[in-house]
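The values are calculated or read from the model by the stated rules, or taken from the named source; none is laboratory data. Everything numeric in this text was worked out from a predicted model, so none of it was measured. Glycine gets a Cβ as well: all are built from the backbone with ideal geometry, and neighbour counts include every protein chain shown.
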Amino acid sequence: MSAKDTTPKAPAGHSDIKDSADSGYAKDLKPRHIQMIAIGGSIGTGLFLGAGGRLSQGGAGLTIAYAICGVFAFLMVRALGELAIRRPSSGAFVSYAREFLGEKGAYVAGWLFFLDWSTTVMADITAVAVYFHYWKALEFIPQWLIALCALALVFVMNLMSVKLFGEAEFWFAAIKVATIVIFMVVAIWAIVTGAAVGGSHAGLANITQHGGFFPQGLPIVFALTLGVVFAFGGTEMVGVAAGEAKEARKVLPKAINSMIIRIFVFYVGSVVLMSLVLPYTEYSPNESPFVAFFSGIGVPYAGDVIQVVVLTAALSSLNAGLYATGRTLRSMAIAGSAPKVARIMNRHHVPAGGIAITAGLGLLGVVLNIVLPSEAFEIIMNLAGIGIAGTWSAILLTHLAFLKQVRQGKEVRPDYRMPGAPWTNYLSLTFFTLVVVSNLTSTSGRWTLSLFAAVVVAMVAGWYAVRGRISGDMFESIDLKDGDQTPAAADDGFPVEVAGSPEAAEVTGGERS
């Protein structure tokens, strides 16, 4: 269906539905928060740390992988945006999968998303620990202890109000964007002037004299694509945030449409410049490529300053991971497909139970940093990449199911639509399938697929364990008056205090903090 489809708009005051799992959230995210969450979600550890390791293996040809993955990430988020503008929900794609694919679809989408972000949380705390060891004076602190402290810090931040999360993410994202812009300006200067960077000089020779565009061959670039998908993980965050946003239908299109520009400027542009300022052999999986560049140009303390910035980027991604999984797990818990504790909200209207579950699993990342400190990030990143590909595929399948109901006359598409649907859905699904299968080309990839196979078995077993208690009636009819942005939250009767609190339990009742 084209973007120019003339399907009539639904009249004002039409009957709509609301997922009861959306009750109790405070609509405290402002337009600037949503804009920066959209930016921050698509710029994280995958670029600030992961790009170094992938460049060291694939060379300049990695830019092709970034460009292609960027296009498909944008198509996915446009599909999600169409669903979110139709009905903003903190349960996001889990809620939409519940509506159009049924509870089994919501179960698969939710747990794949949880796999994505719980493993990303592990990757982020590992990245924080690696970043701290940049300073020799801090090398005496065990990597696992730094990872544990990072997890504890962001966990406490997430238990506060969503407004605090929005403010933290706003400034985290602003710092990341400013850093990339500074890097690009200085890198272009270095290339134009042929400035010395470490033991070489910036310029095209760093590609032509070091094996060309594909120094290790094209297959390795294809094999690295899953890691690139991990780099774009978080673009779907904007859909989750829509449920707690003011004027979601007004802000979302602007935030999503600008994403393709950010992807090509920030990601593809940065990787191209990285390839030109240093030979690919100068990059390392254990050092941010930004730090490698700024240290190489000889600016006093430049490497230290950038190290602080990339540390901020990792904390930003960790912050977003706990935020998103807490909301998703609550949506699933109210339906009966996740532990009951995940449905508990605290007095700040924050799903503390779901956040605690993710933080608890993050401790596995701490353990991994004890057992395999040098390999922890790469192992977790690949598994998270499969979770991301699976989550994005679930979003695209949900959108296809929505389009089927449109064709049957049961639904009306909003004005904001995924371009080229449904053909772009099929193309994207094929691409993500190939990305996952590409793991067969490497030993580490085969290990990743083996781990994912174990996850699939656990998910199937989990479904048979919980299907008897899953609620089949999660939606309620509401009447949207002309000009309404989002329906008011209904009382769901669930406690807003963390279990064990001495304070009396309250009902959420749609109150605002």
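Things to note:
- Among the residues listed as Trp135, Trp117, the single one being more than 30 Å from Lys254 (Cβ to Cβ) and in contact (Cβ under 8 Å) with a residue 24 or more places away in the chain: Trp135
- Selection of first residues in the range 304-323 that are without any contact (Cβ under 8 Å) to a residue 40 or more places away in the chain and of second residues that are crowded, with 22+ Cβ neighbours inside 10 Å, restricted to Cβ pairs under 8 Å at least 6 apart or on distinct chains, gives the following pairs, ordered by first then second residue: Val305/Phe294.
- Some residue of the range 328-335 being hydrophobic (A, V, I, L, M, F, W, C), over 22 Å from the mean Cα position of the chain (by Cα) and surrounded by 24 or more Cβ atoms within 10 Å (Cβ to Cβ): yes
- Test: residue in the range 134-153 that is of a type in the set (Ser, Thr, Tyr) and under 24 Å from Ser270 (Cβ atoms): yes
- Ala384 vs. criteria at pLDDT 80 or above and in a helix (DSSP H, G or I): no
Okay, residues lined up against (1) acidic (Asp, Glu); (2) modelled with pLDDT under 85; (3) surrounded by fewer than 24 Cβ atoms within 10 Å (Cβ to Cβ); (4) assigned to a loop (DSSP other than H, G, I, E, B):
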{"residue": "Pro11", "(1), (2), (3), (4)": "no, yes, yes, yes"}
{"residue": "Arg32", "(1), (2), (3), (4)": "no, yes, yes, no"}
{"residue": "Phe48", "(1), (2), (3), (4)": "no, yes, no, no"}
{"residue": "Ala73", "(1), (2), (3), (4)": "no, no, no, no"}
{"residue": "Ile85", "(1), (2), (3), (4)": "no, no, yes, no"}
{"residue": "Ser90", "(1), (2), (3), (4)": "no, yes, no, yes"}
{"residue": "Leu101", "(1), (2), (3), (4)": "no, no, yes, no"}
{"residue": "Ala109", "(1), (2), (3), (4)": "no, no, no, no"}
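- Failed item in (1) hydroxyl-bearing (Ser, Thr, Tyr); (2) buried (at least 22 other Cβ atoms within 10 Å of the Cβ); (3) at pLDDT 90 or above, with Thr281 passing the rest: (2)
- Pick from the range 447-481, criterion exposed (fewer than 10 other Cβ atoms within 10 Å of the Cβ) and of a type in the set (Ser, Thr, Tyr), ranking: modelled with the lowest pLDDT: Ser477
- Those residues of the range 187-208 which are part of a helix (DSSP H, G or I), aliphatic (A, V, I, L, M), out of contact with any strand residue (DSSP E or B) (no Cβ under 8 Å at 6 or more places or on another chain) and farther than 30 Å from Gly321 by Cβ, in sequence order: Ile188, Ile191, Val192, Ala205, Ile207
- Members of the range 432-446 found to be touching a residue at least 24 places away in the same chain (Cβ under 8 Å), surrounded by fewer than 20 Cβ atoms within 10 Å (Cβ to Cβ) and touching a helix residue (DSSP H, G or I) at 6+ places or on another chain (Cβ under 7 Å), listed by number: Ser438, Thr441, Ser442, Ser444
- In the range 158-173, the residue that is farthest from Ala356 (Cα to Cα) out of those that are surrounded by 16 or more Cβ atoms within 10 Å (Cβ to Cβ) and either among the aliphatic types (A, V, I, L, M) or at pLDDT 85 or above (or both) is Ala173.
- Subset of the range 410-431 that is among the β-branched types (Val, Ile, Thr) and surrounded by fewer than 16 Cβ atoms within 10 Å (Cβ to Cβ) - its residue that is nearest to Val77 (Cα to Cα): Thr430
- Matching entry among Gly227, Gly211 (being out of contact with any Leu (no Cβ under 8 Å at 6 or more places or on another chain), among the small types (Gly, Ala, Ser), closer than 19 Å to Arg54 by Cβ and outside any helix (DSSP H, G or I)): Gly211
- One residue alone among Phe165, Phe183, Phe113 is assigned to a helix (DSSP H, G or I) and in contact with a His (Cβ under 9 Å, 6 or more places away or on another chain), and that residue is Phe165.
- Residue match in the range 196-205 (condition: under 15 Å from Gly296 (Cα atoms) and surrounded by fewer than 16 Cβ atoms within 10 Å (Cβ to Cβ)): yes
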